[in-house]
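Engineer: Supplied in structure tokens, the structure appears directly below.
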Amino acid sequence: MRKKIKKFIPKVIGWRLNMLYRINPEKSLQKLYELFVTPRRGKLSKEELPPFLNGSSMERILVDDVHLQIYRWKNEGERILLVHGWESNSARWEKCVKRLHELGYEVIAFDAPAHGLSEGKVLHVPLFARCIAKVQEKFKTRIAVGHSAGAMSLIYHEHAHDQQNAFKKLVLLGAPSEMTRIINDMAKVLGTEKQITKELDNFFKQKFGFYFHEFSIAEFAKTAKANTLVMHDKYDRVANANAARDIARNLENGQLIITEGQGHSLNSPKVIDQYVNFIHQEKAVAHE
């Protein structure tokens, strides 16, 4: 019964947006945009913070009037930045942090706006990329690992920001690529009318300076110079594996590993070993 209710709720929201569009198109588009950039979960509680986050050196920095929560596991080695995905937070990196710290690396992670312990109500890739730039500027990180929307934002950061601050090594886990596909999938789930999607395209152009088809992580990857490992599961239900193939194909220095049975999270010890080996030894080890 709960599954049926969960499937029914998006259709109700979509129906209301369709009705509102007939009465007040601008308000309907604003609500649809807010739905797109507002996470439903991913927050953390200060009172129930995981021990490994509590054990970090914690501080806050300001980006676009939003205070970001930073976690830092100090060490003598090179600094590595970890960037979580949509409706997630820095708690996802526990096993990864342990492995990197054991190898002597200093690890930096942050909760994106509207996620974890950070402030804010919305998140989109350009904002995410600005947060990455601010954290990188402060901590001088040259290596980064990103998951899902975090991986998208790392490539957008490389495309949109000064190459003097570019990363030298990247790991992209389960990265989507095409904004058009993301929007179309959302419209399908909600059942919104095609005209609304078309008008939302114009809305995004005015707000961010690009149409959906112009926002392609695979295209942005052409400007990335970092030695990059792209990992994606063959049966990822959130982001199609073709996105990883397109991104890897356009990278100047890219490796691609397609896993099976690791899901969208790509957070198993086996996957972590693969990309940590890439970071530490320059070459990923492919496991069957």
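Engineer: Could you tell me how far the Cα centroid of the range 65-112 sits from the Cα centroid of the range 172-228, in Å?
Structural biologist: Result: 27 Å between the Cα centres.
Engineer: Right, here's the next one. Kindly write out, for the range 166-176 in residue order, the coupling ³J(HN,Hα) from the Karplus curve 6.51 cos²θ - 1.76 cosθ + 1.60 (θ = phi - 60°), rounded to whole Hz, with x marking Gly and Pro.
Structural biologist: Going residue by residue, I get 6, 7, 9, 8, 10, 10, 10, 10, x, 7, x Hz, with x marking Gly and Pro.
Engineer: Now, a different point. Which entries of K140/K225; K138/K207; K222/K270; K121/K169; K46/K234; K138/K270 have Cα-Cα distances beyond 26 Å here?
Structural biologist: Numbers: K140/K225 17 Å; K138/K207 28 Å; K222/K270 29 Å; K121/K169 31 Å; K46/K234 36 Å; K138/K270 31 Å.
Check vs 26 Å cut-off fails for K138/K207; K222/K270; K121/K169; K46/K234; K138/K270.
Engineer: In Å, what Kirkwood hydrodynamic radius results for the range 185-267 from the alpha-carbon pair distances? List each step's numbers first, then the result.
Structural biologist: Working: mean 1/r = 0.0679 Å⁻¹.
That comes to 14.7 Å for the range 185-267.
Engineer: Moving on. Compute the length gained on full extension between A160 and K43: take 0.36 nm times their separation in residues and subtract their Cα-Cα distance, giving the result in nm to one decimal. Numbers along the way, then the final one.
Structural biologist: Working: separation 117, 0.36 × 117 = 42.12 nm, distance 2.78 nm.
This chain segment gains 39.3 nm when fully extended.
Engineer: Amide H to amide H under 5 Å from V230: which residues, 5+ apart in sequence or cross-chain, H placed 1.01 Å off N in plane?
Structural biologist: L172, Q255, L256, I257
Engineer: Considering only the other residues whose Cβ falls under 14 Å of the Cβ of Q30, what net charge follows from Lys and Arg at +1 and Asp and Glu at -1?
Structural biologist: Charge balance near Q30 sits at +2.
Engineer: What is the Cα radius of gyration of the range 142-288 over 2.2 N^0.38 Å, N being its residue count? Let's see the in-between values first.
Structural biologist: Numbers: Rg = 15.9 Å, N = 147, 2.2 N^0.38 = 14.7 Å.
For the range 142-288, the normalised Cα radius of gyration comes out at 1.09.
Engineer: How large is the helix-only mean residue ellipticity at 222 nm for the chain, computed as the sum of -39500 (n - 2.57) over DSSP H runs with n ≥ 4, divided by its residue count, in deg cm²/dmol to the nearest 500? Show your work: numbers first, answer last.
Structural biologist: Details: 11 runs with 129 residues, N = 288.
It comes out at -14000 deg cm²/dmol, rounded to the nearest 500.
Engineer: By the scheme Lys and Arg +1, Asp and Glu -1, what is the net charge of all other residues having a beta-carbon under 9 Å from that of N89? Walk me through the intermediate numbers first.
Structural biologist: Details: positive: K43, R92; negative: E87, D111.
Combined, the nearby Lys, Arg, Asp and Glu give 0.
Engineer: Separate question: Find which of Y33, I80, G191 sits farthest along the positive direction of the dipole of the chain, computed with +1 on the beta-carbon of Lys and Arg, -1 on that of Asp and Glu, about the Cα centre.
Structural biologist: G191
Engineer: Work out from phi, with θ = phi - 60° and the Karplus expression 6.51 cos²θ - 1.76 cosθ + 1.60, the ³J(HN,Hα) of each residue of the range 145-153, listed in order in whole Hz, and give x for Gly and Pro.
Structural biologist: Calculated HN-Hα couplings, in order: 10, x, 10, 6, 4, x, 5, 4, 5 Hz.
Engineer: I need the peptides 172-180, 21-29, 101-109 ranked by packing, meaning the mean over residues of other C-beta atoms within 10 angstrom, with the highest value on top. Don't skip to the end; give the middle numbers.
Structural biologist: On the way: 172-180: 25.3, 21-29: 13.9, 101-109: 18.6.
With the highest mean Cβ count within 10 Å placed first, the list reads 172-180, 101-109, 21-29.
Engineer: Normalised by the residues of the range 42-197, what does the relative contact order come to in percent, with Cα pairs under 8 Å and at least six apart? Mind showing how you got there, number by number?
Structural biologist: Numbers: 280 pairs, mean separation 33.5, N = 156.
Result for the range 42-197 is 21 percent.
Engineer: Moving on. Pop the C-beta distance of T180 and E76 into the FRET formula with R0 = 51 Å and round what comes out to the nearest 0.05. If you can, show how the numbers build up before the last one.
Structural biologist: Numbers: r = 45 Å, r/R0 = 0.89.
For T180 and E76, the calculated efficiency is 0.65.
Engineer: Using the Kirkwood formula on the Cα atoms of the chain, what hydrodynamic radius do you get, in angstrom to one decimal?
Structural biologist: Details: mean 1/r = 0.0510 Å⁻¹.
Answer for the chain: a Kirkwood hydrodynamic radius of 19.6 Å.
Engineer: Still on this structure, please answer the following. Roughly what % of Cα-Cα distances in the range 151-208 sit above 14 Å, to the whole percent?
Structural biologist: 67
Engineer: Nearest-5 percent of antiparallel DSSP beta bridges in the range 141-229? Write down the numbers at each step before the final one.
Structural biologist: Working: 1 of 9 bridges.
The antiparallel proportion sits near 10 percent.
Engineer: Which of these, F208, F139, F128, has the largest mean-square fluctuation under a Gaussian network model of the chain (Cα springs below 10 Å)?
Structural biologist: Checking each option, the largest mean-square fluctuation is seen for F208.
Engineer: Could you give each residue of the range 234-242 its phi-based ³J(HN,Hα) in whole Hz, using Karplus coefficients 6.51, -1.76, 1.60 with θ = phi - 60°, and x for Gly or Pro?
Structural biologist: 4, 10, 4, 8, 8, 10, 4, 4, 4
Engineer: How high is the FRET efficiency from V189 to H280, r the C-beta distance, R0 41 Å, rounded to 0.05? Working shown, then result.
Structural biologist: On the way: r = 40 Å, r/R0 = 0.98.
After rounding, the FRET efficiency stands at 0.55.
Engineer: For the range 1-119, what is the percent of antiparallel DSSP beta bridges, rounded to the nearest 5? Display every interim value, and only then the final one.
Structural biologist: Values: 12 of 18 bridges.
The antiparallel fraction comes to roughly 65 percent.
Rule-based calculations on the coordinates, nothing more; no lab input. Every value quoted in this text rests on a predicted model; they were computed, and no experiment measured them. With ideal geometry, Cβ positions are generated from the backbone for all residues, glycine too; neighbour counts draw on all protein chains shown.
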